[in-house]
Amino acid sequence: MDRMLRPDVSSLTAMRAHRWFTGEPVAEEQLHHVLEAGRWTGSARNRQPWRFVVVRSRAVRRQLAGLGAYAAHLATAPVVIALGVEEETGGEDAQFDAGRAAQNMMLAAHLQGLASCPASFFPAANVDRAGRLCGLARPWRVRTAISLGHPAAAPAGKSAIPTGRLPLAELVTEITDSPD
């Protein structure tokens, strides 16, 4: 099959969420490329219902890390990108579009050798607090943030998180026209 029709997807399949970072700062050019990848993400009716807040403040990163059950990695990353989403007029698909932007930014980070991991803020009071910490007020809501930095080795010990992927046969159902 022609290479144009079957692109190498190894960059996508090799990307993993990574929660451990070195103290090395993220270069401005690298951060710019990550943010550009988010900016150029498609959105329903090109509404672009997002704003990106770059958080370098150690104190704010630590506070954000306490707003989700799995957000601790935000405290140790040199950079956090919080995604403000305009939900009121952004439509029901605004969070989906923000997820697309987050995935594009994480892939851009990966392609530059950086590590990243998303974090979700919950319950609703934590979403509001995250918004205040990031300087955003309604209608903007901060439900998600991405830690970003140079990868460090994971701590020793077995992870409680399962590894690997389910086979396609367990994930895919196909609906076809039945012959008459």
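Using only Cα atoms, find the angle between the long axis of helix 28-39 and the longest principal axis of the chain, and express it within 0 to 90 degrees, rounded to the nearest 10. The answer is roughly 50 degrees.
Gain on full extension, evaluated as 0.36 nm per residue between residue 165 and residue 124 minus their Cα-Cα distance, stands at 11.7 nm. Projecting the Cα atoms of 139, 50, 115 onto the charge dipole of the range 20-153, computed from C-beta unit charges around the Cα centre, puts 139 farthest toward the positive end.
Any chance you could give the angle, 0 to 90 degrees and rounded to 10, that helix 94-111 forms with the longest Cα principal axis of the chain? Compared with the principal axis, the helix lies near 90 degrees. Fewest-first ordering of 20, 140, 40, 50 by other beta carbons within 10 Å of each residue's beta carbon gives 40, 20, 140, 50. Label sites at residue 70 and residue 92, each approximated as a point 7 angstrom past Cα along Cα to Cβ, lie 2.6 nm apart.
When shorter helices are ignored and each DSSP H run of at least 4 residues is given -39500 (n - 2.57), the per-residue value for the chain at 222 nm works out to -9000 deg cm²/dmol.
Each Lys and Arg contributes +1 and each Asp and Glu -1, all at the Cβ; summed about the Cα centre of the chain, the dipole is approximately 960 debye.
Between residue 54 and residue 111, full extension at 0.36 nm per residue minus the direct alpha carbon distance yields a gain of 18.6 nm. Considering only alpha-carbon pairs that sit under 8 angstrom and 6 or more positions apart, the relative contact order computed for the chain is 29 percent. Each residue, residue 174 and residue 39, gets one label point 7 Å from its Cα in the Cβ direction; the gap between the two is 4.2 nm.
No value in this document is a laboratory result; all are computed from the given coordinates. Please read these numbers as outputs of a predicted model, since none were measured by experiment. Using ideal geometry, Cβ is built from the backbone for each residue, glycine included, and neighbour counts are taken over all protein chains shown.
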